1. Go through the range 111-131 and give me each residue that's open to solvent by 50 Å² or more (accessible area, probe 1.4 Å) and in contact (Cβ under 8 Å) with a residue 40 or more places away in the chain.
2. Restricting to the range 25-47, what's the tally of residues that are at pLDDT 85 or above and out of contact with any Gly (no Cβ under 8 Å at 6 or more places or on another chain)?
3. What are the pairs, 6+ residues apart or on separate chains, where a residue within the range 2-16 that is closer than 14 Å to Phe63 by Cβ has its Cβ under 9 Å from a residue that is modelled with pLDDT of 90 or more and open to solvent by 100 Å² or more (accessible area, probe 1.4 Å)?
4. May I ask you to list the residues in the range 132-156 that are within 17 Å of Asp80 (Cα to Cα) and open to solvent by less than 20 Å² (accessible area, probe 1.4 Å)?
5. Does Glu135 meet the test of being within 23 Å of Arg10 (Cα to Cα), among the acidic types (Asp, Glu) and modelled with pLDDT of 95 or more?
6. Scan the range 50-73 and give yes if some residue there is in a loop (DSSP other than H, G, I, E, B), in contact (Cβ under 8 Å) with a residue 60 or more places away in the chain, out of contact with any Gly (no Cβ under 7 Å at 6 or more places or on another chain) and open to solvent by less than 30 Å² (accessible area, probe 1.4 Å), otherwise no.
7. Please find, among Val76, Val50, the residue that is in contact with a helix residue (DSSP H, G or I) (Cβ under 9 Å, 6 or more places away or on another chain) and at pLDDT 85 or above.
Amino acid sequence: MSGLERSSIRVCDLTTEDLRAISGWTYDDAWSVYDADGVLDPTVGYWAVVRTDPPDNDELIGFLCLGVEARARGMVKDQDLLDLGVGMRPDLVGHGLGATFGAAAVEFAVARAGAADSLRAVVQDWNTRSLRVAERLGFRRTGTHVVGAVTFVVLERPPLGGARGGE
């Protein structure tokens, strides 16, 4: 896959086959912190991100999660924020697909959150590629969150129009 068009990506329910595939994903070197550490549960906020070109053959390219599953350990829920997390298939990481993949995830999260909610994401501080993508998607650094020896950069993306609100 040399590139992705936004129109060729969609978010859908995870299948049993997707879950099995994701549980086997492993990343190289420092990226191994993103290896799956268990089976994802679609009933608690996980979805598949698929490439739909050609239309009759969806190809799993990653996943996204919303809410508690997207928060780093110890982060507190904020009523004005919907937490968003993503994971891209290891063989696609680092090939310039992050912005298109991320845009699809943000579009899905915004639709789920409603116009009044901001999005929040956390990225490990050494992951400069993901931080750049998040910032290109409208996220701004708002702080850090430390879990043991790991420092996460906390990013927020305001809703369209700048209004904040909650459920």
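1. Arg112, Ala115, Trp126
2. Of the residues in the range 25-47, 2 are at pLDDT 85 or above and out of contact with any Gly (no Cβ under 8 Å at 6 or more places or on another chain).
3. Hits for this filter: Val11/Glu107.
4. Phe139, Val154, Leu155
5. Working: within 23 Å of Arg10 (Cα to Cα): yes; among the acidic types (Asp, Glu): yes; modelled with pLDDT of 95 or more: yes.
Criteria met by Glu135.
6. Yes: one or more hits.
7. Only one candidate qualifies: Val50.
The values are calculated or read from the model by the stated rules, or taken from the named source; none is laboratory data. Computed from a predicted model, the values in this text were never measured in an experiment. For neighbour counting, all protein chains shown are included, and Cβ atoms are generated from backbone atoms with ideal geometry for every residue, glycine included. Ligands, DNA and RNA are stripped out before the accessible areas are found, and what is left, the full protein with its side chains, is counted by its heavy atoms. Shrake-Rupley method; radii C 1.70, N 1.55, O 1.52, S 1.80 Å.
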